[in-house]
Amino acid sequence: MSKNAGINNAEITSGQCAKLYILFALGSSALILPTVVIEIAKQDAWLTMLLAGPINYLVLMIYLALADRFPNLSLVQYMEKLIGKWAAKALMLTYVLFFLVNSALVLRNISDFLGLSVLPITPTWFIDAIFMLVVIYGVCLGIETMARTGEILYFWSTFVIFIILIALLYQLDYKNFEPLLYNGILRPIKGLYPILGFPIGEFVFITMIFPLVRKTDRKKLRKSLKLATVMITAYSVLLTLFLIGVMGVDESSRSPFAVYDLAKNINIEEILVRVEILVAMIWIGTIFMKLVLCVYVLSVSTAQLLGLSNYRPLVVPFGFVVLPLSLIIYRNIAHARVFSAGVWTVYSVFQGYVLPLLLLIIAVIMKKRDNSEGNSFENRYQANESIGDNKSGDETDSIATKEPAPT
Amino acid sequence: MLASILIVLLAMVVGILIWKHNGTKRRFRERKWAIFILLIGTVYMVGQALRFPLPNPADWIMAVCSPISNPIISWIKEGSVQK
């Protein structure tokens, strides 16, 4: 780490950024997405996952092209430079709503999963509240703490997925993949629809993280994220292959949490059985990272929209909004399916691809670039805190504004 | 009813903490917006506890996006029965 990393708590490495990207993808999509895709693409769902890789890569290229032009600014900040103050504020509001709804959806996924599988008698609001408490604490600690947590979780997630796949290898039934491309390539293409919004469209969060990557490490960022995209595709293809191969199309498309049910099939000589709790633990870890990132980006984008110097005062209030929202966002399972597999994709594609692409086109046409320093909340907050030991309140803030902590 | 009273009490405690923690003039803006968002959240929570019909952002998104998503969903469902 650089010498100031511990002081300003605002630098992450390109590797940490890539791991956050992978964990975000694994978050809810690894457990829920294969079900939806298998329902559409049937035994060819693994091909759909393979096709999603290049799309993910292209979307990432849009974000990286924007990051090249505005390396120290977040999406919300360079939007103002590209389309003017008021138009930018209006668009920022749509992003705030997007991250707010996304946070509520992720929290709802957690309570649905825990309520159905691990804690069936515990009230949903209680699960949500306890989870939200930890999330608020994590977001208040800052991006560097999140990134380090991500590093630990990434290792364990990879390890557990690897162990589960190895343990299920002998149960693969290749007949479940037949007939291959029975209805042509159209069915796997149709299966792409839910993936476009969930999780590819949601990857727009990464544009808020780019300016926090350590400057000396930014050359590696492109390479790390490309590798992350390949790994996300590999995980998705492998999980879908095993789901179809072990459970078959019918069972996989009926199960609400297919990967969790997949782990129930592990039985090695009656010794290694009931290891699905490992999946639950890993999934809770990855979805925790996804929720933490969503709430972090929500707080940061709102603070940038309102022109605040620090995002932290908004974190707890947003917890108060996200919690009841997660309880009412789906009325029932039918509403959940229509919303998450149909409507959400359109909204997510608009926020995740269309708007960033338009911004990139505008930036290219107007030949806009900006290498100026962004208004990093973390730097300013830490500067306030470090100077605040000796100075009184107002004085502290004015000094901090003049001399932001070095990055 | 008890739940809503407890929620209001909790929100008041959080509000006081935010108010005190952002007591400087320069942080007045942060304090103002944090309290505003907290107020919205508290109203939502109390409304949820009292089972009032609350505005759901999912409905707004559905109203805007369903004219585009419905034809796509119908196209996807065409011939989706396993043969």
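Each value in this text was obtained by applying a stated rule to the coordinates, not by laboratory testing. Computed from a prediction, not measured in an experiment: that's the story for all the values here. Neighbour counts run over all protein chains shown; Cβ positions are idealised from the backbone, glycine included.
Things to note:
- Förster radius 51 Å - calculated FRET efficiency between B:Phe28 and A:Val364, Cβ distance, rounded to 0.05: 0.80
- Rounded to 0.05, the FRET efficiency of the A:Leu172 and B:Leu2 pair, given R0 = 51 Å and the Cβ-Cβ distance, is 0.40.
- Rounded to 10°, Cα long-axis angle of helix B:2-21 versus longest principal axis of chain B: 60
- In region B:1-79, Cα pairs under 8 Å separated by at least six residues give a relative contact order of 33 percent.
- Farthest toward the positive end of the dipole of chain A, out of A:Val139, A:Gly150, A:Thr302, is the Cα of A:Thr302, where the dipole comes from beta carbon charges about the Cα centre.
- Listed from fewest to most Cβ neighbours within 10 Å, the set A:Val106, A:Val237, A:Val273, A:Val300 follows the order A:Val273, A:Val237, A:Val106, A:Val300.
- Centre separation in Å (Cα based) which lies between region A:178-197 and region A:324-366: 21
- Bridging of A:Lys290 to lysines at a Cα separation below 20 Å is possible for A:Lys19, A:Lys226, once same-chain residues fewer than 8 apart are set aside.
- Think of region B:2-55 as having a plus end and a minus end, set by charges on the Cβ of Lys, Arg, Asp and Glu; of B:Leu54, B:Ala11, B:Phe28, B:Phe28 sits farthest toward the positive end of this dipole.
- Kyte-Doolittle at least -0.5, axis length at least 18 Å by Cα - qualifying DSSP helices, chain A: A:14-27, A:45-69, A:85-113, A:124-141, A:143-168, A:218-242, A:276-306, A:315-328
- Quotient of the Cα radius of gyration of the protein assembly as shown and 2.2 N^0.38 Å, N being its number of residues: 0.98.
- For chain A, the relative contact order works out to 38 percent when only alpha carbon pairs closer than 8 Å and six or more residues apart are counted.
- Across peptide B:20-26, the mean count of Cβ atoms from other chains lying within 10 Å of each residue's own Cβ comes to 5.
- Shape category assigned to region A:110-248 from the gyration tensor of Cα positions, a/c cut at 1.5: oblate
- Cβ-to-Cβ counts within 10 Å put B:Glu78, A:Glu270, A:Glu144 in ascending order as A:Glu270, B:Glu78, A:Glu144, the fewest first.
- Each of B:Met45, A:Met61, A:Met132, A:Met231 has some number of other Cβ atoms within 10 Å of its Cβ, and from fewest to most they run A:Met61, A:Met231, A:Met132, B:Met45.
- Take the Cα of B:Phe52, step 7 Å toward its Cβ, do the same at A:Met61, and the gap between the two points is 5.1 nm.
- Under a model in which nothing but the beta-carbon of Lys, Arg (+1) and Asp, Glu (-1) is charged, the protein assembly as shown shows a dipole of about 1340 debye around its Cα centre.
- Other protein chain C-beta atoms within 10 Å of residue C-beta, averaged over B:63-74: 5.
- Sum of -39500 (n - 2.57) over DSSP H runs of 4+, divided by residues of chain B (222 nm, nearest 500): -26500 deg cm²/dmol
- Residue mean of other protein chain beta carbons inside 10 Å, B:29-41: 6
- For region B:2-55, the Cβ-based charge dipole about the Cα centre amounts to some 380 debye (Lys, Arg positive; Asp, Glu negative; other atoms uncharged).
- Taking the average, over residues, of other Cβ atoms within 10 Å as the packing measure, peptides A:283-290, A:214-221 rank A:283-290, A:214-221 from highest down.
- Packing rank of A:68-74, A:177-183, where each peptide gets the mean count of other beta carbons within 10 Å, highest leading: A:68-74, A:177-183
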